[in-house]
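Before any comments, here is the structure.
The values are calculated or read from the model by the stated rules, or taken from the named source; none is laboratory data. Source: prediction; values computed, not measured. Reconstructed Cβ throughout: ideal geometry from the backbone, glycine too, with neighbour counts over all protein chains shown. We work out accessible area using only protein heavy atoms, side chains counted, and drop any ligands, DNA or RNA first. Shrake-Rupley method; radii C 1.70, N 1.55, O 1.52, S 1.80 Å.
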Amino acid sequence: MTSNRNTVIAPLTEPDFILTEDDFSRVRKMIYQRAGIALSTQKRQMVYSRLSRRLRELGLRDFSKYLNILDSSANGAEWEMFTNALTTNLTAFFREAHHFPVLAEHAKTCALPMTVWCSAASTGEEPFSIAMTLIEALGNRANGIRVLATDIDTQVLAKAQTGIFTMEQVSKLSPERLKRFFLKGTGANAGKAQIRPEVAAMVSFEALNLLDPQWAIKSPVDAIFCRNVMIYFDKPTQAKILQRFAPLMKPHALLFAGHSENFSFANQTFKLRGQTVYALNSAMPKLPARPAL
């Protein structure tokens, strides 16, 4: 008879917390009302994974008690942590690279001062890519340009403001761009890259929720980058945001969307100008009539 003394039977593992259907429904409703994010039913595991960290930090064992804390204070500090936890931040330098030559050519036609609004700044790669593009396009004239970088997630904004990136994050940049726009990190930041002060000075970071009734945008802008943001909103929310973009745009301004986003449903306000690049409908020149065949 064969001995099984060395056989180890792993115990069945139970989840640390129970996320009920009611809890999950509450989470979906709350994040939609707070941030406009429409979570599908397939996002249950993501919700569990991200929010369970908050339960551990707060010493809670029950999702419903955590959600009750949020409900008990509409403006409580935990709402910020809740929103940050459920916000996805996927970014890279010069992501969707086809947009940046379009921005460069557009900048050459704009009067200074010029403002570009990056509405989902994440950890900073996108707004700094915008700043680098404008410096390359305009040289010293780029001093008259401001990049307003906003995001709903305060944690990633704090990281973006440091302007410090790992070598992996900058690995796909050309040696020329690395030399021109970055410094080698020293001390605690040794082995990292830091945005040069003159580039950082072009970018200002602010927390902004696209669902807020008031946006801190004081004057019309020359371009808006709203890329890979709308995919988290349903169509009515997308339409509301697009309608609010329009009056903030100068007549010639451009709106840059993500590769999987399509704003053709807003065709009374915006017209497709290039690959996921839109202009205000009123600003589009009329094409000459085609001769009859």
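Computed log10 I(q)/I(0) for the chain at 0.08, 0.13, 0.16 Å⁻¹: -0.44, -0.98, -1.29, from the Debye equation with unit scatterers placed on every C-alpha and solvent omitted. Leaving out ligands, DNA and RNA, what percent of the accessible area of the chain is carbon and sulfur, probe 1.4 Å? After summing per-atom areas, the C and S share lands at 54 percent.
Size of the range 1-151 from its Cα atoms: along the principal axes, largest to smallest, the extents are 82, 52, 26 Å.
DSSP assigns beta bridges within the chain; of those with both partners inside it, close to 40 percent run antiparallel. Could you tell me the center-to-center distance, by alpha carbons, between the range 49-87 and the range 228-253 in angstrom? The distance from the Cα centre of the range 49-87 to that of the range 228-253 comes to 29 Å. Under the rule of -39500 (n - 2.57) per DSSP H run of 4 or more residues, summed and divided by the residues of the chain, what mean residue ellipticity at 222 nm is obtained, to the nearest 500 deg cm²/dmol? Mean residue ellipticity at 222 nm (helix-derived): -10500 deg cm²/dmol.
A full extension of the chain between Arg44 and Thr88 corresponds to an added length of 14.4 nm, given 0.36 nm per residue minus the alpha carbon distance. Applying 1/(1 + (r/R0)^6) with r as the Cβ-Cβ distance of Leu58 and Thr109 and R0 = 41 angstrom yields a FRET efficiency of 0.20.
For every other residue with a beta carbon closer than 12 angstrom to the beta carbon of Ser72, add +1 if it is Lys or Arg and -1 if Asp or Glu, then tell me the sum. Net of charged neighbours comes to -1. Rolling a 1.4 Å probe across the protein heavy atoms gives the chain an accessible surface of 56 Å² per residue. With a Förster radius of 25 Å applied to the C-beta separation of Ile18 and Glu80, the computed FRET efficiency comes to 0.50.
Considering only the other residues whose Cβ falls under 11 Å of the Cβ of Leu280, what net charge follows from Lys and Arg at +1 and Asp and Glu at -1?
+3
Sorting the segments 252-261, 139-148 by their mean number of nearby beta carbons within 10 angstrom, highest to lowest, gives 252-261, 139-148.
By the rule of a C-alpha distance below 19 Å, with chain neighbours fewer than 8 residues away ignored, the aspartates and glutamates paired with Lys271 are Glu105, Asp222, Glu261.
Using only Cα coordinates, the Kirkwood hydrodynamic radius of the range 232-271 works out to 10.9 Å.
On a per residue basis, the convex hull of the C-alpha atoms belonging to the range 104-198 measures out at 101 Å³.
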